[in-house]
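The values are calculated or read from the model by the stated rules, or taken from the named source; none is laboratory data. Predicted model, so just to flag it, every value in this text is computed and none were measured. No Cβ is skipped: glycine too gets one built from the backbone with ideal geometry, and neighbour counts run over all protein chains shown. What goes into the accessible areas is simple: the full protein's heavy atoms, side chains included, and nothing from ligands, DNA or RNA. Shrake-Rupley method; radii C 1.70, N 1.55, O 1.52, S 1.80 Å.
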Amino acid sequence: MSELLGAYRPGSTLLHRMPVGPKLAVVAAWSIVVVATRGPLFSPVLAALAIGIAIWSGLALRRTLRTMRGFLLLMVLVAAFQTWQRGPEVAVTVVTSLLALLLVGLAFTATTAVDDLLGTVERITSPLRFVGVRPERVALAFALVLRALPAVLEVATQTRDAARARGLERSPRALLVPFAIRVVAHAYATGDALAARGLDD
């Protein structure tokens, strides 16, 4: 699962050639558009556009969707819960908006070398040193996010497999409770690792 997110795939597409700074700005603008135009009409269109962007970036869509099975299963549960609580239109909006954000994020990480990204983040935030911002810490935060996303999807897959082995793959409680516990445990383990290296301040 770790090959899915945060893995740079060399290529020659426009996204690969675009400088990291403008590419970050495009991703930020995309996120704002997805959130600002949410709705049962707009969100599916944006999700379809995100699929096109992901394919254009060089991602093998079939393999990507296959490795995203844990995430897709979670989205099914989210859709069922939202349909029950707020209706099918809200469910469609939430699920397709999340898919639109995730796929464009995948396209960004697949076309951006991590070292280039972190170097750009440090340069962008370096003028903020005078107000106490430490650019290397901001870059570290980006690196942790890139590492955390595949880890969360890995946990989702392992939780689904464990529930299936017990014959509980259709039980939301058997899926969501262990998933939440394991994600929190991973966050604590990451925090302990940073603290051991003196990075907890």
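For the range 50-65, the tally of residues that are touching a Phe, Trp or Tyr at 6+ places or on another chain (Cβ under 9 Å) and part of a helix (DSSP H, G or I) stands at 2. In a helix (DSSP H, G or I) and farther than 30 Å from Val20 by Cβ: does that describe Ala151? When the stated conditions are applied, Ala151 does not pass them. Just one of the listed residues (Thr64, Thr13, Thr37) is of a type in the set (S, T, N, Q) and modelled with pLDDT under 80, and it is Thr64. So Arg129 passes all but one of these: (1) open to solvent by 70 Å² or more (accessible area, probe 1.4 Å); (2) in contact (Cβ under 8 Å) with a residue 60 or more places away in the chain. Which condition number does it fail? That leaves (2) as the condition not met. For the range 72-94, the count of residues that are within 25 Å of Lys23 (Cβ to Cβ), part of a helix (DSSP H, G or I) and open to solvent by less than 50 Å² (accessible area, probe 1.4 Å) is zero.
Under the condition of being without any contact (Cβ under 8 Å) to a residue 40 or more places away in the chain, under 27 Å from Arg9 (Cβ atoms) and open to solvent by less than 60 Å² (accessible area, probe 1.4 Å), the residues counted in the range 26-47 number 2. Criterion first (touching a Leu at 6+ places or on another chain (Cβ under 7 Å) and either open to solvent by 60 Å² or more (accessible area, probe 1.4 Å) or among the hydroxyl-bearing types (Ser, Thr, Tyr) (or both)) does Thr159 satisfy it? Spelling it out, Thr159 is indeed touching a Leu at 6+ places or on another chain (Cβ under 7 Å) and either open to solvent by 60 Å² or more (accessible area, probe 1.4 Å) or among the hydroxyl-bearing types (Ser, Thr, Tyr) (or both). Working only within the range 152-176, note down all residues that are more than 15 Å from Met75 (Cα to Cα) and free of Cβ contacts under 8 Å to residues at least 12 places away in the same chain. Selection gives Asp161, Arg164, Ala165, Arg166, Gly167, Leu168, Ala174.
Note on the range 109-124: residues that are open to solvent by 20 Å² or more (accessible area, probe 1.4 Å) and under 23 Å from the mean Cα position of the chain (by Cα) total 8. Of all residues in the range 76-101, those satisfying the criterion of being of a type in the set (A, V, I, L, M, F, W, C) and closer than 13 Å to Ser43 by Cβ are Ala79, Val90, Ala91, Val92, Val94, Val95, Leu98, Leu99, Ala100, Leu101.
When restricted to residues that are closer than 14 Å to Ile124 by Cβ and assigned to a loop (DSSP other than H, G, I, E, B), the range 5-37 contains 1.
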